[in-house]
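Reading through the structure tokens given below for one structure.
The values are calculated or read from the model by the stated rules, or taken from the named source; none is laboratory data. Since we're looking at a predicted model, the values are computed, not measured. Here the Cβ is made from the backbone with ideal geometry for all residues, glycine too, and neighbour counts use every protein chain on show. Ligands, DNA and RNA are stripped out before the accessible areas are found, and what is left, the full protein with its side chains, is counted by its heavy atoms. Shrake-Rupley method; radii C 1.70, N 1.55, O 1.52, S 1.80 Å.
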Amino acid sequence: MTRAAARLGMAVQTVSTQVRELERSLGYALLKPKGRGLALTDAGTAALQQAEQIFQLGEQLPALVRDAVSAPTVRLAVGISEGLPKLAVRRLMQPVMRTPRLRLVCHEDEFEDLLGDLALHRLDVILADRPAPPHPNVKLYSHSLGSSPLAWYAAPSLHAAARKGFPQSLVKVPVLLPTTHGAVRVPINQWFERLGITPNLVGEFEDNALLKTFGAAGMGVFPAAELVHEELVTRYGVKRIGPCENVEQHFFAIAAHKKLLHPLVQKLLLAAR
């Protein structure tokens, strides 16, 4: 209850009072004690499912009113996980980018914060490098959008040294990696362990675009999804060194459990299938 009040910017007593008034008006208890906190009763679970649809309809109301008096637009709010390659995001969004009068709103944030925004219906979908974890009270569904093999890339100044004796060369040349916040870091670490390599790690980045920017500037070699190979070579001027064998980056679209799923999210999932 305390965390809920903090998230809503309200006093705990105010939230508690409103919950009790709702329970009194419905005639059923919605919450029950569980350990040090609270859990939903069966009635509470049913109420939550209805409330999700009510909130979504309420959020759509301003847009419906605005569109009634202006040129209609199709708004799509997308959350983008920090560890996801931005070049890959454009590829993943391609099936909906030609939608007439599309107004795309992108929010980049940490994965856990995006899940909270999705649960509160502030987002229509999240694009991430991992599925949503299970949660007893919030139904989120993860849909695979595919995967891409990883390869190593370097600026021209490092390419020759990195190519010579690859992958053992990664012991000597400077290496840049995503932080442990990114789902792909674990399989990369396992790849190093299998080969008995201790990389010359000089930088770690949460933001994938920053990783590529510093890598392109010659700070170190770095891994990237081969899905965006052409864009990497053209935009950043880097060269491919070699494969990160048996390591892939996975892409997921995460949506809330709603009967009224956004039509563009449906189109995105259909294109992936």
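If LEU120 satisfies all but one of (1) open to solvent by 60 Å² or more (accessible area, probe 1.4 Å); (2) aliphatic (A, V, I, L, M); (3) more than 30 Å from LEU31 (Cβ to Cβ), what's the number of the condition it fails?
(3)
State whether the residues of region 190-200 include one that is closer than 19 Å to TYR236 by Cβ and open to solvent by 10 Å² or more (accessible area, probe 1.4 Å).
Checking region 190-200: not a single residue is closer than 19 Å to TYR236 by Cβ and open to solvent by 10 Å² or more (accessible area, probe 1.4 Å).
Those residues that are assigned to a helix (DSSP H, G or I) and either surrounded by 13 or more Cβ atoms within 10 Å (Cβ to Cβ) or modelled with pLDDT under 90 (or both), I need them from region 26-47; list them, please.
Selection gives LEU26, ALA43, GLY44, THR45, ALA46, ALA47.
Note down all Cβ pairs under 9 Å where the first residue falls in region 17-44 and is more than 16 Å from THR2 (Cβ to Cβ), the second is among the basic types (Lys, Arg), and they're at least six residues apart or on different chains.
Close Cβ pairs satisfying both conditions: LEU40/LYS32; THR41/LYS32; GLY44/LYS32.
Taking region 210-221 as the region of interest, how many residues are assigned to a strand (DSSP E or B) and open to solvent by 10 Å² or more (accessible area, probe 1.4 Å)?
Of the residues in region 210-221, 0 are assigned to a strand (DSSP E or B) and open to solvent by 10 Å² or more (accessible area, probe 1.4 Å).
Give me a count of the residues in region 166-206 that are part of a loop (DSSP other than H, G, I, E, B) and closer than 20 Å to GLY83 by Cα.
7
Just a yes or no: is a residue in region 222-237 farther than 22 Å from LEU145 by Cβ and surrounded by 14 or more Cβ atoms within 10 Å (Cβ to Cβ)?
yes
Exactly one of (1) in a loop (DSSP other than H, G, I, E, B); (2) at pLDDT 90 or above is unmet by PRO72. Its number?
Evaluating PRO72 over (1) in a loop (DSSP other than H, G, I, E, B); (2) at pLDDT 90 or above leaves (2) as the failure.
Of (1) farther than 14 Å from ALA88 by Cβ; (2) open to solvent by less than 10 Å² (accessible area, probe 1.4 Å); (3) not in a helix (DSSP H, G or I), GLU245 satisfies all except one. Which?
Single failed check for GLU245: (2).
Against the conditions (1) modelled with pLDDT of 90 or more; (2) in contact with a Gly (Cβ under 8 Å, 6 or more places away or on another chain), where does ASP109 fall short? Just the number, please.
Of everything listed in (1) modelled with pLDDT of 90 or more; (2) in contact with a Gly (Cβ under 8 Å, 6 or more places away or on another chain), ASP109 misses just condition (1).
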